[in-house]
Amino acid sequence: MGKLLRLLFAIVLVCLIVLTSGIPIHATGSPGTSIETSLIATRTVPLAIKVVFIGFNQSNINTSYMLWKENIPFKRPNQILTEPKDTGVTFRLDYDIVFASTGFEKGLVAHLKKIETVKEMPNPWFGISVRNYLYDANKLEDWLYKNRELYGGFPSNGYTFFIANLTQLPSVTYDQLARPWLKKAPTPHYFNITYYDLDLGYRVRNREFMTAWGGHYGFWFLDLSAGPSFNTPKDAPLQAVTVALEIDVGTIYGSKWLTEYLSDYLWESVWNLAVPQFTYAPKYSEKYRIVVTVLDNRTKEEKEHIPITKTVRPELIEKSYRDLIPYSDIQVAVKFLNCSDDKELQQAMAGSYKPSRDLAQSFVDLRPLYRFLQTKLSRYVANMSQNEKELTIPVFCFAFSKAYLGYTYKWDVSASSAGEEALWGIAQEDMVVGALTHENEFDRGNIVEPPQLGKGIGFSQLIIHEVGHMFGLMHPHQYGDTNDFVSSAMSYFCHDYNFSQFDKDALRRMHADHIMMETAVKLSELRSAASTKVTGYATMPELNEVERLISQADREYSSMNYTSAFLHTLNARRHALQALTKVAGLPNMTIFVAQWVFILGAAVGYLFRRRQEKTRLRAQTRADQSQPKNL
C-alpha cells in the first residue's frame with residue numbers, strides 16, 4: 001500500500017507540473033532592432049544613410065568631423081507635429097560616405113551633356129530672359145539608378161543621397177550674380193521636369209529651374225553648382241557662395257567650413273526625406289473612404305463656361321492612394337452641390353466673407369466656415385467611421401468666383417496680398433477644406449503669359465495633397481527648400497499626382513511599426529497570462545505561428561519591403577489575439593492547483609484510512625489467534 005500511495009502522489013505531481021507549466025514567449029526584432037514592452041511598446045530601428053560625393057576633392061572634406069552628432073543626426077525620434085508625442089519609433093542612423101570615382105563623374109557629365117537642351121527664356125530668379133542649360137531630371141534619375149554598381153549600389157536598409165559639384169557644366173559665377181553692372185550674361189544650369197494638371201490640362205510653368213531631383217527610387221540627387229532657383233532663394237550656387245564669403249576650401253578652416261556646409265544639406269535631406277515627421281499620427285484601416293463634397297459658389301456664366309464636374313477626377317485620387325497603401329481598400333465618392341441650394345451654408349459663407357473694393361483682395365475666413373462644417377458634418381457625410389475597419393475622410397472643396405480662402409490669426413489676412421496669404425487647402429484633424437477661384441485656377445490659362453487658352457487647374461491634385469496630410473504625410477521642404485524638388489504629391493513645387501518612394505516608405509513603415517509594437521504588447525500580456533493561467537500546451541500552435549510571422553516580418557522590414565512586413569505582422573497580431581482568447585478561457589492557476597490539492601488530499605486521506613483499517617483488522621486477527629482455545 002505504501003508503494004501505491006507513493007506512486008499515486010508522483011503521478012498527480014507530474015500532472016500538476018505539466019498542466020500548470022507556462023509557455024515561454026519572446027518578442028523578436030529584426031537585426032539591430034530592439035522592442036521594449038511595458039504598457040506601451042517602443043522600437044529602435046536602424047537605418048542606413050549612404051552619401052555619395054561627386055566632383056569634390058576628398059582632401060577638402062573632413063569626414064571624421066562630418067560624422068559628429070552636431071553636424072549630422074544619428075538618432076531621430078519619429079515625431080508627430082500636431083501632438084505633444086512621437087510615434088514610439090526612434091531611428092538609429094548609420095552613415096556610409098563614398099567619394100565617386102573620376103570615371104563615374106566623367107560618365108555622369110557626359111550623360112548630362114548628351115541630354116542637354118539650351119533655352120533662352122525668362123528666368124524668375126533673374127527677372128529677365130537668360131540662356132538656361134537644362135537637363136531632364138527623370139533621365140538623370142534613371143541613369144543614376146542603372147549605373148548604381150559604379151558607386152557600390154544602394155544600402156539594403158536605407159537611402160542614398162548624392163551631393164554633386166558639377167562646375168564642368170555651364171554654371172553661374174559670383175560676378176554674374178552679384179555684379180550686374182559688369183553685364184556678364186548668366187549661364188546657369190538646371191534640372192527640368194514637366195507637369196500638367198490632369199483635370200483641366202494646364203501646364204505648370206517654370207518647372208525648368210530645379211537644382212535637385214529624386215523620389216522615384218530610394219535616392220535623391222543635389223547639384224550645388226546648379227541654379228540659382230527662384231524656389232530656393234536662400235540656396236545660392238556653391239561656387240558663388242565661396243567667393244562671396246572669401247572661403248578657400250583648400251585651407252584648414254575652408255575644409256571645416258565646407259564640411260559644415262555639406263553637413264547642413266545632408267541634415268535637411270535626412271529629416272525631410274529619410275525619416276520625416278508626420279502631421280498627424282498615421283492610422284491604419286482596412287478601408288479608407290474619401291468623401292469629397294464640391295460646393296459651387298460661382299456665377300451662372302462661370303458654371304456654364306467650365307462645368308464643375310470637370311474639376312475633379314476620382315479615379316486619379318483612387319489610383320494615387322492605392323499605390324501609396326496597396327494593402328487597404330480605397331474608395332472615393334464625389335458629389336457636387338450648388339451653395340445657393342443650402343440656405344444655412346449661404347448664411348455661414350456670408351458671415352465669413354470679407355469684401356474689398358478690390359475684388360482680388362476679397363476672402364472667406366476659414367475658421368467660422370470650418371466651424372459650420374463641423375456642426376453640420378452628418379448632413380454632407382453619412383455613416384462616418386473612424387476605426388480599423390473603415391476610416392472616413394471628409395473633404396470640402398469650394399469653387400469661388402474671385403474670393404480666396406484665408407485662415408486669419410490676430411492679424412488680418414487681407415492686410416497683405418490675398419494672393420500671397422490665401423490657402424488652396426488645409427488638412428484639419430477631422431476634415432480637409434479647400435478652395436479654388438474660377439479666374440485664377442479653373443481659367444488660369446487665359447491669364448498667364450504665354451497664354452494656355454482653355455486650360456486650367458482643378459481640384460484632384462489639391463485633394464490628393466491635403467488628404468496626404470490626413471494620412472500623416474508632411475511636406476518634403478519642412479526643414480529645407482531644396483528637398484521640395486522631389487517627385488511627390490506632397491511637394492509644393494511639383495504638381496505630382498503620385499507619392500515619392502520616401503512617402504510610401506514612411507507611411508508603410510509606420511503602419512508596420514504600429515502593428516509590431518501592438519503585437520509586442522500582446523505577447524507581453526501572454527507572458528503575464530502564462531504565469532497566472534493554466535496554459536499547458538493549448539496555445540502553442542498560435543504562439544508558434546506568431547513567432548514565425550514576426551520573424552518573417554522582421555526579415556522583410558530589414559529589407560525595406562514594408563508592405564510585406566506589414567501583412568506578416570498584421571497576421572501575427574491576429575494569432576496573438578486568438579492565443580489571448582484561448583488563455584482567457586482557461587482556469588486560473590490558483591483555483592486549478594487548489595482543486596488538485598483537494599483531490600490529492602482526499603485521495604491520500606482515503607488511502608490512509610483504508611490502510612489504518614487494514615492494520616487494525618490484522619492486529620485484531622493476530623489477537624484472536626493468540627487467545628487459548630477451549631476444549
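The values are calculated or read from the model by the stated rules, or taken from the named source; none is laboratory data. Please read all numbers here as calculations on a predicted model, not as lab measurements. Note that we place each Cβ from the backbone using ideal geometry, even for glycine, and neighbour counts take in every protein chain shown.
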**Item:** Hits in segment 203-253 - residues which are farther than 13 Å from Thr482 by Cα and in a strand (DSSP E or B)
**Value:** Arg203, Phe219
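Return the total of residues in segment 380-401 being aliphatic (A, V, I, L, M), touching a strand residue (DSSP E or B) at 6+ places or on another chain (Cβ under 8 Å) and without any contact (Cβ under 8 Å) to a residue 60 or more places away in the chain. Break it down into steps so the answer makes sense when it comes.
At the first step, the residues of segment 380-401 found to be aliphatic (A, V, I, L, M) are 381-382, 384, 391, 393, 395, 399.
From the residues that got through so far, the ones that are touching a strand residue (DSSP E or B) at 6+ places or on another chain (Cβ under 8 Å) too are 381, 384, 391, 393, 395, 399.
Then keep just the ones that are without any contact (Cβ under 8 Å) to a residue 60 or more places away in the chain; that gives 384.
The total comes to 1.
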**Fill in**
Gly458: passes all of (1) surrounded by fewer than 24 Cβ atoms within 10 Å (Cβ to Cβ); (2) of a type outside the set (Phe, Trp, Tyr); (3) over 21 Å from Ala274 (Cα atoms) but (1)
**Message:** Need the failing condition index for Ser171 against (1) part of a loop (DSSP other than H, G, I, E, B); (2) loosely packed, with under 15 Cβ neighbours inside 10 Å, just the number.
**Reply:** (2)
**Output for segment 451-487, where each listed residue is assigned to a loop (DSSP other than H, G, I, E, B) and either β-branched (Val, Ile, Thr) or under 12 Å from the mean Cα position of the chain (by Cα) (or both)** = Ile457, Gly472, Leu473, Met474, His475, Pro476, Val486
**Prompt:** Restricting attention to segment 303-322, does a residue exist that is more than 30 Å from Ser500 (Cα to Cα), assigned by TED's automatic domain parsing to the domain that holds Val381 and among the charged types (D, E, K, R)?
**Reply:** yes
**Prompt:** Looking at segment 174-187, which of the residues that are at pLDDT below 85 and of a type outside the set (D, E, K, R) is surrounded by the fewest Cβ atoms within 10 Å (Cβ to Cβ)?
**Reply:** Trp181
**Message:** Exactly one of these conditions fails for Gln58: (1) at pLDDT below 95; (2) surrounded by fewer than 17 Cβ atoms within 10 Å (Cβ to Cβ); (3) in the same structural domain as Ser255 (by TED's automatic domain parsing); (4) out of contact with any Ser or Thr (no Cβ under 7 Å at 6 or more places or on another chain). Give me its number.
**Reply:** (1)
**Message:** Step by step: first the residues of segment 386-401, then only those that are crowded, with 19+ Cβ neighbours inside 10 Å and within 15 Å of Gly458 (Cα to Cα), then the one that is nearest to the chain's Cα centre (by Cα). Which residue is that?
**Reply:** Val395
**Item:** Residues (of a type in the set (Gly, Ala, Ser) and in contact with a Phe, Trp or Tyr (Cβ under 7 Å, 6 or more places away or on another chain)) located in segment 371-412
**Value:** Ala403, Gly406
**Request:** Identify all residues within segment 227-284 that are of a type in the set (Asp, Glu) and surrounded by 18 or more Cβ atoms within 10 Å (Cβ to Cβ); write none if there are none.
**Result:** Asp235, Glu268
**Message:** For a quick check of your reading of the model, give me the residue pairs whose first member lies in segment 517-532 and is more than 19 Å from Tyr557 (Cα to Cα) and buried (at least 18 other Cβ atoms within 10 Å of the Cβ), whose second is modelled with pLDDT of 80 or more and not aliphatic (A, V, I, L, M), with beta-carbon atoms closer than 7 Å and at least 6 apart or on different chains.
**Reply:** Lys522/Arg573
**Fill in**
Here the qualifying pairs (Cβ atoms under 7 Å; residues six or more apart or on different chains; first in segment 544-560 and more than 21 Å from Pro155 (Cβ to Cβ) and surrounded by 20 or more Cβ atoms within 10 Å (Cβ to Cβ); second among the small types (Gly, Ala, Ser) and at pLDDT 90 or above) come out as Val546/Ala572; Leu549/Ala572; Ile550/Ala572
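The rows are residues; the columns are (1) more than 30 Å from Asn561 (Cβ to Cβ); (2) crowded, with 16+ Cβ neighbours inside 10 Å; (3) modelled with pLDDT under 95.
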residue: Glu301; (1), (2), (3): yes, no, no
residue: Glu304; (1), (2), (3): yes, no, no
residue: Thr309; (1), (2), (3): yes, no, no
residue: Ile317; (1), (2), (3): no, yes, no
residue: Tyr321; (1), (2), (3): no, yes, no
residue: Ile325; (1), (2), (3): no, yes, no
residue: Phe336; (1), (2), (3): yes, yes, no
residue: Cys339; (1), (2), (3): yes, yes, yes
**Request:** Could you tell me which of the residues Gly88, Gly29 is within 20 Å of Phe566 (Cβ to Cβ), crowded, with 16+ Cβ neighbours inside 10 Å, modelled with pLDDT under 95 and not assigned by TED's automatic domain parsing to the domain that holds Ser263?
**Result:** Gly29
**Complete:** Within segment 90-126, the residues that are farther than 29 Å from Ala178 by Cβ and in a loop (DSSP other than H, G, I, E, B) are Ala100, Ser101
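Kindly indicate the residue of segment 127-147 that is assigned to a strand (DSSP E or B) and not hydroxyl-bearing (Ser, Thr, Tyr) and also nearest to Tyr217 (Cα to Cα) among those meeting that condition.
Just the residues of segment 127-147 that are assigned to a strand (DSSP E or B), to begin with: 128-136.
Then keep just the ones that are not hydroxyl-bearing (Ser, Thr, Tyr); that gives 128, 130-132, 134, 136.
Values: Ile128: 35, Val130: 32, Arg131: 31, Asn132: 27, Leu134: 22, Asp136: 16 Å.
For segment 127-147, the residue satisfying everything is Asp136.
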